[in-house]
Amino acid sequence: MTEINYMTQGKATLPVLDETAVRNWIVEVAQRHGQRVGCLTYVFCDDEYILKTNREFLGHDYYTDIITFDYTNSRHIAGDMVISLDTVRSNAEMLGVPYETELMRVMIHGVLHLCGQNDKGPGEREVMERYENEALALLPDNVIEK
């Protein structure tokens, strides 16, 4: 059974998403990677919260856009994805892309990790980016309110 939850931490405001469209999109992307979706939780936060989380759970002392906690079992992908909306916004500005597009890219990035895709080894980042772009091409219009 697919369950996707959204919550906030820190000073973040919950993005206004078309939850049905986002759910269907995530399910389709996971299926294309041979997976089924179980329970996913998106935790939208600010930079300070993600820095604290990065230090506490990974021992990293830097900001990031997403941290994915993987609870996948053999039948369904599952996990918590902590996303800094501050970093998403600054990355969107730096890359010259709409904030909404960058947010969707980061959201599906976490799902791709849960599907088994890595991005730290040789050549893995390029593969991850290709999968992100393929997923974004499947995204229906107007899934996030601007």
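Determine if the range 8-27 includes at least one residue that is touching a strand residue (DSSP E or B) at 6+ places or on another chain (Cβ under 7 Å), in contact (Cβ under 8 Å) with a residue 24 or more places away in the chain, surrounded by fewer than 13 Cβ atoms within 10 Å (Cβ to Cβ) and charged (D, E, K, R).
no
I need a count of the residues in the range 89-122 that are of a type in the set (S, T, N, Q) and in contact (Cβ under 8 Å) with a residue 24 or more places away in the chain.
Step one: filter the range 89-122 for residues of a type in the set (S, T, N, Q), giving 90-91, 101, 117-118.
Then drop every residue that is not in contact (Cβ under 8 Å) with a residue 24 or more places away in the chain, which leaves 91, 101, 117.
Number of matching residues: 3.
One line per residue, one yes/no per condition, for (1) closer than 20 Å to Lys11 by Cβ; (2) over 12 Å from the mean Cα position of the chain (by Cα):
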position: Asp86; (1), (2): yes, yes
position: Arg89; (1), (2): yes, yes
position: Arg105; (1), (2): no, no
position: His109; (1), (2): no, no
position: His113; (1), (2): no, no
position: Gly116; (1), (2): no, yes
position: Asn133; (1), (2): no, yes
position: Ala137; (1), (2): no, yes
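Does Asp61 satisfy being of a type in the set (D, E, K, R) and in contact with an Asp or Glu (Cβ under 9 Å, 6 or more places away or on another chain)?
On the way: of a type in the set (D, E, K, R): yes; in contact with an Asp or Glu (Cβ under 9 Å, 6 or more places away or on another chain): no.
Spelling it out, it is not the case that Asp61 is of a type in the set (D, E, K, R) and in contact with an Asp or Glu (Cβ under 9 Å, 6 or more places away or on another chain).
Among the residues of the range 55-88 satisfying the criterion of being touching a residue at least 12 places away in the same chain (Cβ under 8 Å) and part of a helix (DSSP H, G or I), which is surrounded by the most Cβ atoms within 10 Å (Cβ to Cβ)?
Leu85
Under 6 Å between Cβ atoms, at least 6 apart or on separate chains: pull out the pairs that start in the range 28-42 with a residue that is part of a loop (DSSP other than H, G, I, E, B) and end on any residue that is surrounded by 15 or more Cβ atoms within 10 Å (Cβ to Cβ).
His33/Cys115; Gln35/Ile77; Gln35/Cys115; Arg36/His76
Just so you know, all these numbers are worked out from the coordinates, no wet-lab data involved. Quick caveat, the model's predicted, so the values are computed rather than measured. Note that we place each Cβ from the backbone using ideal geometry, even for glycine, and neighbour counts take in every protein chain shown.
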